[in-house]
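*Asks:* A single structure is presented below for examination.
The values are calculated or read from the model by the stated rules, or taken from the named source; none is laboratory data. Since this is a predicted model, take the numbers as computed values, not measurements. No Cβ is skipped: glycine too gets one built from the backbone with ideal geometry, and neighbour counts run over all protein chains shown. Heavy atoms of the whole protein, side chains included, go into the accessibility calculation; ligands, DNA and RNA do not. Shrake-Rupley method; radii C 1.70, N 1.55, O 1.52, S 1.80 Å.
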Amino acid sequence: MSVRPPSWLDIDADSYKRLLNRTAVTITKRARKRGATYQVREAIDAIHSAFQRCDGTDPFDGLPLDSQLHEGSRSPTVSPVSSSSAATFEILSLQTKEAKGERNAEEFIAHCRAVVAHADDPSTAQR
């Protein structure tokens, strides 16, 4: 497999290939339990495409992702775009992925708006 990591990610090509493979195997196993039928190879291609589409920022909060892969809150991580059985992914910060959970993009954004509205409401007691 001849793939190059995106320019914003500070990782060598061999480590990137291992990352793609390891992530694809994990995601495919989890997705099959939910009825997905795609193969690991399809997941590798879709994850690589997601990394190439990503500009190094989280698509939800616009903040930069860490350029190195470690376990910090801004570490880039792979997330399914929807709960469908298709192999479609996006790259998010670990922080956003954990907050988003199983929600789709619209549900997550609506939830974030509700959180902000609640926090901005002067009658709401802050904890």
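*Asks:* Starting from the amide H of Thr57, placed 1.01 Å from N in the peptide plane, find each other amide H under 5 Å away whose residue is 5 or more places distant or on another chain.
*Replies:* When sequence neighbours closer than 5 places are left aside, the close amide H contacts are Leu65.
*Asks:* Could you order Cys54, Cys112 by accessible surface area, starting with the largest, using a probe radius of 1.4 Å?
*Replies:* In descending accessible area the options line up as Cys112, Cys54.
*Asks:* Continuing with the same structure: Beyond 15 Å, what share of the Cα-Cα pairs of segment 1-74 remains, rounded to the nearest whole percent? Let's see the in-between values first.
*Replies:* Values: 1595 of 2701 pairs.
The answer is 59 percent, as a whole percent.
*Asks:* Mind giving me the FRET efficiency for Ser82 and Arg18? R0 is 35 Å, r the Cβ-Cβ distance, nearest 0.05 is fine.
*Replies:* The calculated FRET efficiency here is 0.85.
*Asks:* Quick one: how many Å² of His48 are accessible to a 1.4 Å probe, rounded to 10?
*Replies:* In the full protein context, His48 sits at about 40 Å².
*Asks:* Follow-up. Just to check I understand the Karplus step: with θ = phi - 60° and J = 6.51 cos²θ - 1.76 cosθ + 1.60, what whole-Hz values come out for segment 102-114, glycine and proline as x?
*Replies:* 8, 5, 7, 4, 5, 5, 5, 5, 4, 5, 4, 4, 5
*Asks:* Mind ranking Asp120, Asp58, Asp45, Asp66 by accessible surface for me, highest first, 1.4 Å probe?
*Replies:* Putting Asp120, Asp58, Asp45, Asp66 in descending order of accessible area: Asp120, Asp45, Asp66, Asp58.
*Asks:* Can you pull the accessible area of Arg22 for me, 1.4 Å probe, Å² to the nearest 10?
*Replies:* Accessible area, nearest 10 Å²: 140 Å².
*Asks:* Relative contact order for the chain: what percent, with Cα pairs under 8 Å and sequence separation of 6 or more?
*Replies:* Values: 152 pairs, mean separation 25.0, N = 127.
Value for the chain: 20 percent.
*Asks:* If I take every Cα pair under 8 Å that is 6 or more residues apart in segment 45-86, average their sequence separation and divide by the length, what percent do I get for the relative contact order?
*Replies:* Details: 22 pairs, mean separation 9.4, N = 42.
Computed value for segment 45-86: 22 percent relative contact order.
*Asks:* Let me cross-check Val3: its accessible surface, 1.4 Å probe, with only protein heavy atoms counted, in Å² to the nearest 10?
*Replies:* Counting only protein heavy atoms, the figure is 20 Å².
*Asks:* Mind checking which lysines have their Cα closer than 20 Å to the Cα of Lys17? Skip sequence neighbours fewer than 8 apart in that chain.
*Replies:* Lys29
*Asks:* Shape call for segment 39-108 from the C-alpha gyration tensor, a ≥ b ≥ c root eigenvalues: rounded (a/c under 1.5), prolate (a/b greater than b/c) or oblate?
*Replies:* Note, shape of segment 39-108 comes out oblate.
*Asks:* Under the Karplus relation 6.51 cos²θ - 1.76 cosθ + 1.60, θ = phi - 60°, what is the ordered set of whole-Hz ³J(HN,Hα) values for segment 17-31, x standing for Gly and Pro?
*Replies:* Per-residue couplings from phi come out as 4, 5, 4, 4, 5, 4, 5, 5, 4, 4, 5, 5, 4, 5, 5 Hz.
*Asks:* Helix-derived [θ] at 222 nm for the chain: sum -39500 (n - 2.57) over DSSP H runs of at least 4, divide by residue count, nearest 500?
*Replies:* Helix-only estimate at 222 nm: -15000 deg cm²/dmol.
*Asks:* Percent of accessible area on the chain owned by carbon and sulfur, 1.4 Å probe?
*Replies:* Carbon with sulfur: 50 percent of the solvent-accessible area.
*Asks:* Could you run the Karplus curve 6.51 cos²θ - 1.76 cosθ + 1.60 with θ = phi - 60° over segment 89-97 and give me ³J(HN,Hα) per residue in whole Hz, x for Gly and Pro?
*Replies:* 9, 9, 9, 10, 6, 4, 4, 5, 4
*Asks:* Roughly how many Å² is the accessible area per residue of segment 3-127, as a whole number, for a 1.4 Å probe?
*Replies:* Here the per-residue accessible area is 62 Å².
*Asks:* Semi-axes of the equivalent ellipsoid of the chain: what are they in whole Å, largest first, if each equals the square root of 5 times a C-alpha gyration tensor eigenvalue?
*Replies:* Rounded to whole Å, the semi-axes are 30, 19, 11.
*Asks:* Setting aside same-chain residues fewer than 8 positions from Lys33, which aspartates and glutamates have a Cα under 17 Å from its Cα?
*Replies:* Straight-distance partners of Lys33: Glu42, Glu102.
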